[in-house]
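For reference, the structure is listed below as structure tokens.
Values in this text are rule-based calculations from the coordinates and carry no lab data. Quick caveat: nothing in here was measured; it's all calculated off a predicted structure. Cβ coordinates were reconstructed from backbone atoms using ideal geometry, including for glycine residues, and neighbour counts include every protein chain displayed.
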Amino acid sequence: MSTRETRRCFVAGHRGLVGSAIVRGLVGEGYSPPIVRTRDELDLLDQRAVREFFGAERPDVVFFAAAKVGGINANNTRRWDFIYENLVIETNVLGAALATEVDRLVFFGSSCIYPRLSPQPINEEHLLTGSLEETNEPYAIAKIAGVKLVEAANAQQGRKWVSLMPTNLYGPNDNFDLQGSHVLPALIRKFHEAKEAREAGEDARVTLWGHGTARREFLHVDDAAGAAISLMESGATGLYNVGSGSDLTIRELAELVGEIVGYDGPVDWDSSKPDGTPRKLLDSAKIQGTGWKPRIALEAGLRATYEWYQSTRESRPAGIAS
């Protein structure tokens, strides 16, 4: 392997939540600026273009953070898109990485790959031991396929690739589009817009999905990026969960976001909408055994994220992070 200064790192999905954090983390730790491409410059759904890119650039490290992502509504209503596009992206990128003998690769999955009713906290051995959550099953199946491709590359071709399964991530460059975002950015936007409406004299209310009883764990994306870079450096292989180690109900999260935003109006819960998996708390003991630990507390991370949202006030469209 080359030194940090000479290592050729390709970050797939550098404009997205995870990819932009990887870029920040690499530069902050003294790596040379990573190789990046926008979707217009490199369509990861185009196999020939991806293979030509890898052949020309010859990266020796890949952080695979590109994916078609979205919340419950997007996953549940665009099921073909989520399974098909993610499978194509994975086979294109991983296939090209293998063909050009990429030494180190970090594949980002999602905690939704685990069974809906996994024992809590969920450890890596629970993969494929039960039925998936129906609302995001296509996305989860695609991500499981990616994990298995990484596993097969290690076993058959001797690669030092690793799969990272983060809990719910948040932070700068998240997707705040209400039609495709995850729960936390959606809460931030809903509370912010309702606050602005009330300040303008309107009788605004916030309506949230489900009952608010589902429990979720959250991790700042910069902590996840640190975990990814650390695992890449170590040459670790296999599957690693990465989470904060604690969870809270969606209702508790909504109350915290409302307090941070400064919203003091009513909140309604639409029980006709799905709650998703009842609980998802990851067992991150395996990665913590390597020395990694989260650094950013939830409230501090949420305040920083809300400040970032206010400074940009731009909603990112749902789609492939590029």
| said: Starting from the 7 Å offset along Cα-to-Cβ, what nm value, one decimal, do you get for the label separation of T6 and T129? | reply: 4.5
| request: Taking 7 Å along the Cα-to-C-beta vector as the label spot, tell me the A304-D270 distance in nanometres, rounded to one decimal. | output: 3.3
| said: Can you report the principal axis dimensions of region 4-79 using only the alpha carbons, biggest first, rounded to whole angstrom? | reply: 44, 30, 17
| field | Rough spin-label spacing in nm, given labels placed 7 Å along Cα→Cβ, for T290 and V27 | value | 2.4
| remark: Ranked by GNM mean-square fluctuation in the chain (Cα springs under 10 Å), the top entry among N86, N154, N168 is N154
| task | Among the listed pairs K190/K293; K143/K286; K143/K280; K68/K148, give every one whose C-alpha distance is greater than 22 Å. | result | K190/K293
| message | In the chain, if the dipole is taken from +1 on Lys/Arg beta carbons and -1 on Asp/Glu beta carbons about the Cα centre, which of V106, N154, I122 is farthest to the positive end? | response | N154
| request: Scan the chain and report its longest stretch carrying no trypsin sites (Lys or Arg not before Pro) that are both in a DSSP loop and have at most 11 other Cβ atoms within 10 Å. | output: 1-294
| Over the chain, what lengths in whole Å, largest first, do the semi-axes of the equivalent ellipsoid take, defined as the square roots of 5 times the eigenvalues of the alpha-carbon gyration tensor? | 33, 21, 19
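Scan the chain and note any complete DSSP helix (H) whose C-alpha atoms cover at least 27 Å along its axis and whose Kyte-Doolittle average is 0.5 or more.
Within the chain the helices that satisfy the rule are 79-99.
So if a site counts as exposed when it's one of the GluC sites (Glu not before Pro), its DSSP state isn't H, G, I, E or B, and it has at most 14 other Cβ atoms within 10 Å, what's the longest stretch of the chain without one?
203-313
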| task | Out of all DSSP beta bridges with both ends in the chain, state the antiparallel percent to the nearest 5. | result | 15
| remark: Here the net charge surrounding P119, from other residues whose Cβ is less than 11 Å away from its Cβ (Lys, Arg +1; Asp, Glu -1), is -1
